[in-house]
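Take a look at the structure set out below.
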Amino acid sequence: MQKYSTIIGVITLRLDSESYSTVQKRYSIGSSTVTLIMNRFKESGLSLDDLKRMEPKKVESLFYPEQNLRRKDVPLPDFDAIHQKLVQMKHPDLSYLWLEYKEKNPDGYQLTQFYKHYNDFVKERYGSCKLSMPVERVPGEKLYIDWVGDQPELMTDPETGEIRRVHIFTTTLGFSSLVYVEIFPDEKLQSFITGVVHALQFYGAIPKYLVPDNLKTAVTSHTKDGLVLNTVFSDLEDFYGTVVLPPPPRKPKGKATVENHVKYLETHLVEKLREDIYTSYESLNDAAKRIIAAINQRQFRKPGDIRGSRQKAFEQYDKPRMRPLPDGVYTLCDYKYVLRVPDNYHLEYDGHYYSVLYTYHGKPAILKATMSEIRICDENNRLICKHTRSYRDFPRYITDETHMPAEHRYYKEVNAHDGAYYRRWASVFGEAMSILIDRMLRSVKHEEQAYNSCSGVLHMCKEAPRHIVNEAAQKCIDANACKYTYFKRAFHSLMNDRMHAADGGSQLPTHENIRGRDCYQ
């Protein structure tokens with residue numbers, strides 16, 4: 001079963017005419033899964049916008065009904081016999097042998113699982129061979145992103161003289177190999193986003209794909225939850241109109257271009273930087289830019305290389321095939337994943353608590369903080385609400401009243417007013433009501449203890465004529481019983497009398513067809 005974000009992402013990319021291989025790499029799924037999702041999308045008769053308006057759980061259950069999720073144990077095929085057949089074939093074709101297997105075992109493994117189990121069998125039985133397939137790099141297609149594995153000690157604390165380690169962020173384009181480098185104090189998510197944004201500004205254009213290293217190791221100190229990382233990728237894709245294709249974990253050949261440059265930079269950049277002393281990241285990055293500029297202008301060693309230098313190849317081949325940068329600047333966020341929205345429906349960030357609609361309590365959420373704004377999204381990265389970020393010590397709770405249930409809004413309204421507020425409100429009805437409210441406020445040790453009673457009395461009188469309100473209040477004053485319960489009885493008694501008088505009492509009208517009480521004696 002695939003999650004909502006994968007289902008929507010697959011449909012979006014396929015409707016944008018992205019290839020199957022691109023969709024598979026982006027979401028780490030097989031071609032059969034892509035086909036299944038698109039077939040069920042067509043069968044549903046719904047549009048993409050219709051799906052986006054639906055609840056994520058409903059979308060997931062629509063594409064993966066519960067009755068289809070049951071799995072049963074399937075015995076492994078006889079891979080010894082299959083391997084012998086494959087060796088004897090003039091043109092080996094494992095998919096042909098899979099078709100034979102499926103004819104005999106209709107409920108057997110699908111092609112992807114069949115391939116996996118066969119490869120595991122070959123690796124266990126015969127070991128693996130290390131062959132490299134040549135890869136044709138398409139100009140302007142892929143930007144590879146990584147952290148240099150070596151963390152050299154290059155930063156000197158000017159006060160203590162302590163030498164500190166630094167972290168080197170690097171990117172390279174697949175065809176021209178034009179390199180960008182920036183040095184950070186850590187490998188947290190904020191540094192990664194900053195590096196990507198600055199790299200794209202350096203190139204001045206957008207490639208079709210961003211291929212970052214498997215960033216679990218890069219952001220472990222920030223969060224161990226992959227959901228936040230997927231949210232970052234989603235935001236980058238939306239803003240820059242590109243596709244993020246993380247390579248498989250522990251498979252460096254999935255990004256051999258940047259891996260080779262990482263090794264290259266560990267010598268040609270780091271060793272050059274060691275020749276000087278740096279007391280600030282600004283001076284360190286200035287030095288790194290000068291070294292990288294020289295590397296990008298350097299001619300390739302291989303004779304006859306049409307690229308000449310990295311810079312020349314970029315200008316001639318890569319950049320013309322890349323899209324221009326979008327208008328505006330990508331806003332850097334600090335991401336915080338919340339496993340469960342607390343019962344008070346407020347999420348903490350930087351000593352303040354920001355409200356979310358109360359119906360989300362108990363559900364996961366993602367908080368995104370910029371310098372001026374707090375955004376809260378659901379687990380599928382759909383925006384729930386926004387708040388202006390607060391930097392003042394108080395109030396600590398930043399609450400949108402529309403996020404509160406009705407009973408909480410009522411108590412907030414009651415607690416937000418003081419005695420002067422209730423005295424002003426009472427004066428609208430007249431002198432007797434003003435005296436009643438004043439005495440109610442004075443009758444308790446602490447004025448706040450009477451606020452609920454005052455609010456109840458005044459709300460009761462909202463739609464009533466003023467003379468009845470004042471008459472009921474005067475009865476309470478005369479009886480020296482200035483309390484909510486006594487006023488309620490007096491007020492309802494007067495209102496009932498008024499309604500009775502309006503109806504002409506309970507006396508029936510005189511009419512020849514109406515029998516009187518004498519008929520029943």
Discussion item. Which condition from (1) at pLDDT 90 or above; (2) within 30 Å of Ile168 (Cα to Cα); (3) polar (S, T, N, Q) is the one that Thr331 breaks?
Written reply: (1)
Worksheet item: Would a scan of region 328-342 turn up a residue that is closer than 19 Å to Asp400 by Cα, open to solvent by less than 40 Å² (accessible area, probe 1.4 Å) and part of a loop (DSSP other than H, G, I, E, B)?
Response: yes
Response to the item:
Among the residues of region 183-205, the number that are over 27 Å from the mean Cα position of the chain (by Cα) and charged (D, E, K, R) is 0
Item to complete: Starting from residues that are touching a helix residue (DSSP H, G or I) at 6+ places or on another chain (Cβ under 7 Å), under 23 Å from Glu413 (Cβ atoms) and acidic (Asp, Glu), keep the ones in region 436-480 and report whichever is most open to solvent (accessible area, probe 1.4 Å).
Response: Glu447
Discussion item. Show the residue pairs meeting these rules: Cβ distance below 9 Å; 6+ apart or different chains; first residue within region 369-398 and within 17 Å of Asn344 (Cβ to Cβ) and touching a residue at least 40 places away in the same chain (Cβ under 8 Å); second residue of a type outside the set (Asp, Glu) and open to solvent by 100 Å² or more (accessible area, probe 1.4 Å).
Written reply: Ile398/Thr388
Worksheet item: If you take the residues of region 376-394 that are out of contact with any Asp or Glu (no Cβ under 9 Å at 6 or more places or on another chain) and open to solvent by 70 Å² or more (accessible area, probe 1.4 Å), which of them is nearest to Asp334 (Cα to Cα)?
Response: Leu383
Worksheet item: Does Glu373 count as surrounded by 13 or more Cβ atoms within 10 Å (Cβ to Cβ) and either modelled with pLDDT of 95 or more or out of contact with any Leu (no Cβ under 7 Å at 6 or more places or on another chain) (or both)?
Response: yes
Worksheet, complete the sentence: Only unsatisfied item for Phe300, checking (1) of a type in the set (A, V, I, L, M, F, W, C); (2) modelled with pLDDT of 90 or more; (3) surrounded by fewer than 18 Cβ atoms within 10 Å (Cβ to Cβ), is (2)
Item to complete: For residues that are in contact (Cβ under 8 Å) with a residue 24 or more places away in the chain, farther than 12 Å from Gly30 by Cβ and open to solvent by 90 Å² or more (accessible area, probe 1.4 Å), tally how many sit in region 97-114.
Response: 1
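Among the listed residues Tyr330, Tyr335, Tyr345, Tyr317, which satisfies the condition of being within 30 Å of Gly241 (Cβ to Cβ) and either touching a strand residue (DSSP E or B) at 6+ places or on another chain (Cβ under 8 Å) or of a type in the set (S, T, N, Q) (or both)?
Working: Tyr330 fails: either touching a strand residue (DSSP E or B) at 6+ places or on another chain (Cβ under 8 Å) or of a type in the set (S, T, N, Q) (or both); Tyr345 fails: within 30 Å of Gly241 (Cβ to Cβ); Tyr317 fails: either touching a strand residue (DSSP E or B) at 6+ places or on another chain (Cβ under 8 Å) or of a type in the set (S, T, N, Q) (or both).
None of the other options fit; the residue is Tyr335.
What about Ser355, is it touching a strand residue (DSSP E or B) at 6+ places or on another chain (Cβ under 8 Å) and open to solvent by less than 10 Å² (accessible area, probe 1.4 Å)?
Numbers: touching a strand residue (DSSP E or B) at 6+ places or on another chain (Cβ under 8 Å): yes; open to solvent by less than 10 Å² (accessible area, probe 1.4 Å): yes.
Yes.
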Practice prompt. State yes or no: is Arg14 among the charged types (D, E, K, R), under 21 Å from Ser234 (Cα atoms) and open to solvent by less than 30 Å² (accessible area, probe 1.4 Å)?
Written response: no
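Before we move on, is Ala293 of a type in the set (A, V, I, L, M), modelled with pLDDT of 90 or more and outside any loop (DSSP other than H, G, I, E, B)?
Yes: the conditions hold for Ala293.
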Worksheet, complete the sentence: For Asn380, the lone unmet condition from (1) touching a helix residue (DSSP H, G or I) at 6+ places or on another chain (Cβ under 6 Å); (2) in a strand (DSSP E or B) is (2)
Practice prompt. Go through (1) crowded, with 17+ Cβ neighbours inside 10 Å; (2) assigned to a helix (DSSP H, G or I) and name the single condition Lys412 misses.
Written response: (1)
Fill in: Sole exception among (1) within 26 Å of Thr6 (Cα to Cα); (2) part of a strand (DSSP E or B); (3) not polar (S, T, N, Q) for Tyr354, by number
(1)
Discussion item. Which condition from (1) out of contact with any Leu (no Cβ under 7 Å at 6 or more places or on another chain); (2) free of Cβ contacts under 8 Å to residues at least 60 places away in the same chain; (3) more than 30 Å from Tyr180 (Cα to Cα); (4) open to solvent by less than 70 Å² (accessible area, probe 1.4 Å) is the one that Gly308 breaks?
Written reply: (3)
Discussion item. Out of the residues in region 27-48 meeting the condition of being in a loop (DSSP other than H, G, I, E, B) and touching a Leu at 6+ places or on another chain (Cβ under 9 Å), tell me which one is modelled with the lowest pLDDT.
Written reply: Gly30
Fill in: Selection within region 256-290 - in contact (Cβ under 8 Å) with a residue 60 or more places away in the chain, more than 18 Å from Arg137 (Cβ to Cβ), in a helix (DSSP H, G or I) and not small (Gly, Ala, Ser)
Leu265, Glu266, Val270, Leu273, Tyr281, Leu284, Asn285, Lys289
Discussion item. Within region 419-491, considering only helices (runs of 4 or more DSSP H) that don't extend past its boundaries, which have at least 2 residues that are at negative phi and without any contact (Cβ under 8 Å) to a residue 24 or more places away in the chain?
Written reply: 419-427, 431-442, 466-478
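The values are calculated or read from the model by the stated rules, or taken from the named source; none is laboratory data. Treat the numbers as computed from the prediction; the structure is a model and nothing was measured. Please note: Cβ atoms are built from the backbone with ideal geometry, for glycine as well, and neighbour counts cover all protein chains shown. These accessible areas exclude ligands, DNA and RNA; they are computed on the full protein's heavy atoms, side chains included. Shrake-Rupley method; radii C 1.70, N 1.55, O 1.52, S 1.80 Å.
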